[in-house]
Amino acid sequence: MKTPLPDYLEHVLDECDGDDSGHLADYIPELANASPHRLALAMSTVDGEIYSVGDDDVEFTIQSMSKPFTYAYVLQQLGIDEVLEKVGVEPSGEAFNEISLGKDGRPKNPMINSGAITTHSLIPIKDNISSAEILRQFMSELAGRELCFDDSVYHSEIKTAYRNLSIGYMLRTVGILETDPVDIVNGYIRQCSILVTVKDLVRMGSVLANGGVDAQTGKRLLNRSVVRQVLSVMMSCGMYDAAGDWLTTVGIPAKSGVAGGILGVLPGQVSIAAFSPKLDEHGNSVRGIDMMERLSRDMGLHLMEGTPSAQTIVQSHYRTGQNASLSVYVLRGVLKFTEAEMLLRIFQREPVDQSTIIIDLTQISLIHDVGKRMFLEGVDRLIDDGHSLLLVDPEQRLDHARTHKDRVLHVYQDLDDLLEQKKGHHN
């Protein structure tokens with residue numbers, strides 16, 4: 001059986017492909033030359049599984065999506081209190097490149113340019129390695145591969161960096177920056193020119209979703225307190241002056257970039273990245289927002305849903321009966337997107353044959369709509385592979401076990417009685 005997640009992501013891509021509105025970031029000459037038709041979507045689970053569709057191998061510059069990771073690095077190195085002395089955490093309600101400070105003289109948050117330039121200035125320099133190179137190395141570790149700079153985009157942005165330089169001089173004037181603002185702004189622009197794919201972004205984001213641990217290596221890269229701080233600021237400030245709309249419609253901590261990327265991180269569940277170069281009036285990807293809204297709605301990913309997720313869904317799995325012909329799954333907990341995705345991956349291990357699969361739902365306490373739909377799609381695919389499916393579902397919570405293809409499965413009241421019946425049948 002093949003998990004239906006890639007097919008679903010392809011469907012989302014197709015549904016959002018027709019929107020041709022928006023404009024390229026033409027104030028940066030290199031970004032003005034980007035292909036407006038590029039479209040990609042990726043998702044990573046907290047245990048490191050990555051799904052991706054569309055132009056998922058196309059590299060683009062990370063731009064402002066670098067801000068949460070720079071913030072995380074500085075928090076990790078200096079501690080939260082020291083960073084808060086220089087950069088606040090309040091939503092600005094202004095454009096990302098607004099030349100302004102908070103009433104206390106600090107940049108309002110690290111997700112707008114004034115705060116991001118300040119955050120870049122806090123990077124501890126060591127071994128004569130530039131601040132941008134330190135960040136490249138750190139983000140490469142998060143991405144699990146060596147990332148590189150796009151020199152053409154960097155030089156293109158430097159030539160038109162008048163507004164960022166104005167912000168830098170303002171910060172130096174009030175004492176927020178303590179060294180040459182030109183060097184700091186150049187380092188910040190260099191940071192924004194790191195090349196990534198949507199697959200890189202979701203692996204980087206999965207470290208945040210997983211509380212600071214890289215699931216693929218098991219290595220802790222960030223403290224939990226740092227992750228909490230970063231995700232909190234992403235939630236309230238990551239989408240600039242559209243943060244309120246984003247919170248109510250999508251409800252996932254996120255950060256956008258003017259090259260067309262959006263990264264969303266739902267703690268304990270998933271990391272999602274979308275890419276499409278055309279932007280709206282706030283500087284956010286038009287089709288990227290469409291895709292993220294659809295995923296949040298379809299999969300029940302809004303942070304305010306409030307339903308707890310589990311790290312496991314299968315309490316036990318064993319084979320029994322004559323020649324081990326019965327494959328039994330005992331499920332436990334809640335069945336939402338995260339748990340259903342794990343379950344579908346486990347179902348993929350079933351060989352294509354005519355064995356009987358028994359699934360016990362007795363100890364499932366809650367079935368979310370998206371978990372139900374994903375589960376029934378998995379059941380259909382197991383049947384397509386030749387299996388017979390029997391459900392232990394005393395409460396008949398799955399529409400009397402009727403699947404999407406109108407196939408009715410038998411519903412039994414007790415697992416032990418069912419196993420005895422099946423064994424007796426074989427004898």
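So, in nm, how far is label Ala32 from label Asp19 when the simple model puts each one 7 Å beyond its Cα toward the Cβ?
Those two pseudo-labels are separated by 2.6 nm.
Just going by the charge dipole of the stretch 1-70, with Lys and Arg at +1 and Asp and Glu at -1 on Cβ, which of Val12, Val53, Thr70 is farthest out on the positive end?
Working it through, the farthest residue towards the positive pole turns out to be Thr70.
Beyond a 25 Å Cα-Cα separation, which of these cross-linked pairs lie in this structure: Lys86/Lys255; Lys103/Lys159; Lys2/Lys336; Lys67/Lys159?
Exceeds cut-off: Lys103/Lys159.
Applying the Karplus parametrisation 6.51 cos²θ - 1.76 cosθ + 1.60 with θ = phi - 60° to the phi angles of the stretch 350-360, what ³J(HN,Hα) value in whole Hz is obtained for each residue in order, glycine and proline being reported as x?
5, x, 7, 7, 10, 6, 9, 10, 10, 10, 9
Just to confirm a number: summing +1 for Lys and Arg and -1 for Asp and Glu over residues other than Glu59 whose beta-carbon lies under 12 angstrom from that of Glu59, what do you get?
-2
Would you mind computing, in nm to one decimal, how far apart the modelled labels at His282 and Asp180 are, each placed 7 Å from Cα along Cα→Cβ?
Taking the simple label geometry, His282 and Asp180 are separated by 3.8 nm.
With label points built 7 Å along Cα→Cβ from the Cα atoms of Arg319 and Thr173, find their separation and express it in nm.
7.5
If you plug each phi of the stretch 247-264 into the Karplus form 6.51 cos²θ - 1.76 cosθ + 1.60 with θ = phi - 60°, what whole-Hz ³J(HN,Hα) values come out, in order, with x for Gly and Pro?
Once rounded to whole Hz, the list reads 4, 6, 8, 9, x, 10, x, 8, 9, 10, x, 6, 7, x, x, 9, 10, x.
With θ set to phi - 60° and the Karplus curve 6.51 cos²θ - 1.76 cosθ + 1.60, what are the ³J(HN,Hα) couplings of the stretch 179-196 in order, to the nearest whole Hz, using x for Gly and Pro?
10, 4, x, 5, 4, 5, 4, 4, x, 5, 5, 4, 4, 6, 8, 5, 8, 9
Name the most mobile residue of Gln137, Gln191, Gln63, meaning the one with the largest mean-square fluctuation, in a Gaussian network model of the chain with Cα contacts below 10 Å.
Maximum among the listed residues: Gln137.
Tell me which residues come under 5 Å, amide H to amide H, from Ile367 once H is placed; ignore anything under 5 positions away on its chain.
Leu335
Would you indicate which of (i) 0.98; (ii) 1.17; (iii) 1.11 is the value of Cα Rg over 2.2 N^0.38 Å derived from the coordinates of this structure?
The value matching this structure is (iii).
Roughly how many debye, to the nearest 20, is the charge dipole of the chain about its Cα centre, given +1 on each Lys and Arg Cβ, -1 on each Asp and Glu Cβ, and no other charges?
For the chain, the charge dipole is close to 880 debye.
Separation of the stretch 126-157 and the stretch 16-64 by C-alpha centroid, Å?
About 20 Å separates the Cα centre of the stretch 126-157 from the one of the stretch 16-64.
Can you list the trypsin sites (Lys or Arg not before Pro) in the stretch 345-404 that are in a DSSP coil and have 12 or fewer other beta carbons within 10 angstrom?
Of the trypsin sites (Lys or Arg not before Pro), the ones in loops of the stretch 345-404 whose Cβ has at most 12 other Cβ atoms within 10 Å are Arg349.
Say R0 is 51 Å: what FRET efficiency, to the nearest 0.05, do Thr160 and Leu303 get from their beta-carbon distance?
0.90
Springs between alpha-carbon atoms under 10 Å, Gaussian network over the chain: tell me which of Ala209, Ala40, Ala242 tops the mean-square fluctuations.
Ala242
So, taking all protein chains as they sit and a 1.4 Å probe, how much accessible area belongs to Tyr169, in Å² rounded to tens?
Answer for Tyr169: close to 120 Å² accessible.
Taking the Cα centre of the stretch 4-299 as the origin and placing charges on Cβ (Lys, Arg +1; Asp, Glu -1), which of Ser35, Leu84, Pro181 is farthest toward the positive end of the dipole?
Leu84
About its Cα centre, how strong a charge dipole does the stretch 118-190 have in debye, to the nearest 20, once Lys and Arg get +1 and Asp and Glu get -1 at the Cβ?
Approximately 220 debye in magnitude.
The values are calculated or read from the model by the stated rules, or taken from the named source; none is laboratory data. Not measured: the values here are computed from a predicted model. As a convention, Cβ positions derive from the backbone with ideal geometry for all residues, glycine included, and neighbour counts pool all protein chains shown. Heavy atoms of the whole protein, side chains included, go into the accessibility calculation; ligands, DNA and RNA do not. Shrake-Rupley method; radii C 1.70, N 1.55, O 1.52, S 1.80 Å.
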